[in-house]
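Take a look at the structure below.
The values are calculated or read from the model by the stated rules, or taken from the named source; none is laboratory data. All values derive from a computational prediction rather than experimental measurement. Glycine gets a Cβ as well: all are built from the backbone with ideal geometry, and neighbour counts include every protein chain shown.
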Amino acid sequence: MRVYKVVRCPRCGFLQLTTASRSVRCFGCGLSWSLEPDSILFSSKDLEVARNFLLRLKRGESIGFKKASEAD
Ligand SMILES: [Zn+2]
């Protein structure tokens with residue numbers, strides 16, 4: 001079963017999706033780094049869910065933190 005992970009490069013901070021389980025090659029700086037639990041921000045078996053998370057992260061939305069000031 002393929003799991004999509006949202007990861008952050010330890011060198012440049014670039015955010016990307018990967019299905020790798022051991023090492024990731026950063027699209028931002030080209031570094032190949034080994035995947036550790038700490039560097040996985042999110043994982044899902046659903047590509048759309050993972051992609052949406054990544055997009056929101058890139059837009060600067062804080063995920064997992066409730067914004068008390070933000071109400072409809
Ligand atoms: Zn990088």
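The residues of the range 1-13 that are under 11 Å from the mean Cα position of the chain (by Cα) and either in contact (Cβ under 8 Å) with a residue 40 or more places away in the chain or loosely packed, with under 13 Cβ neighbours inside 10 Å (or both), listed by number, are Tyr4, Lys5, Val6, Gly13.
Any chance you could count how many residues in the range 14-52 are part of a loop (DSSP other than H, G, I, E, B), out of contact with any Ser or Thr (no Cβ under 8 Å at 6 or more places or on another chain) and touching a residue at least 12 places away in the same chain (Cβ under 8 Å)? Step through it out loud before you land on a result.
Looking only at the range 14-52, we keep the residues that are part of a loop (DSSP other than H, G, I, E, B), and these are 14, 19-22, 26-31, 35-36, 45-46.
Keeping just the survivors that are out of contact with any Ser or Thr (no Cβ under 8 Å at 6 or more places or on another chain) gives 14, 19-21, 27-31, 36, 45-46.
Checking the rest, the ones that are also touching a residue at least 12 places away in the same chain (Cβ under 8 Å) come to 14, 19-21, 27-29, 31, 45-46.
Qualifying residue count for the region: 10.
Looking across the range 1-47 at every residue that is of a type in the set (Phe, Trp, Tyr) and under 14 Å from Lys58 (Cβ atoms), the one that is farthest from the ligand (Cβ to nearest atom) is identified as Phe42.
From Leu31, Leu47, Leu57, which residue is surrounded by 12 or more Cβ atoms within 10 Å (Cβ to Cβ), modelled with pLDDT under 95 and of a type in the set (A, V, I, L, M)? Quick ask: steps written out before the conclusion?
Numbers: Leu31 fails: modelled with pLDDT under 95; Leu47 fails: modelled with pLDDT under 95.
Going through Leu31, Leu47, Leu57 in turn, just one is surrounded by 12 or more Cβ atoms within 10 Å (Cβ to Cβ), modelled with pLDDT under 95 and of a type in the set (A, V, I, L, M): Leu57.
Based on what the data block shows, is Pro37 in contact with a strand residue (DSSP E or B) (Cβ under 6 Å, 6 or more places away or on another chain) and not polar (S, T, N, Q)? Before you say what the answer is, go through the steps one by one.
Numbers: in contact with a strand residue (DSSP E or B) (Cβ under 6 Å, 6 or more places away or on another chain): no; not polar (S, T, N, Q): yes.
No, not satisfied.
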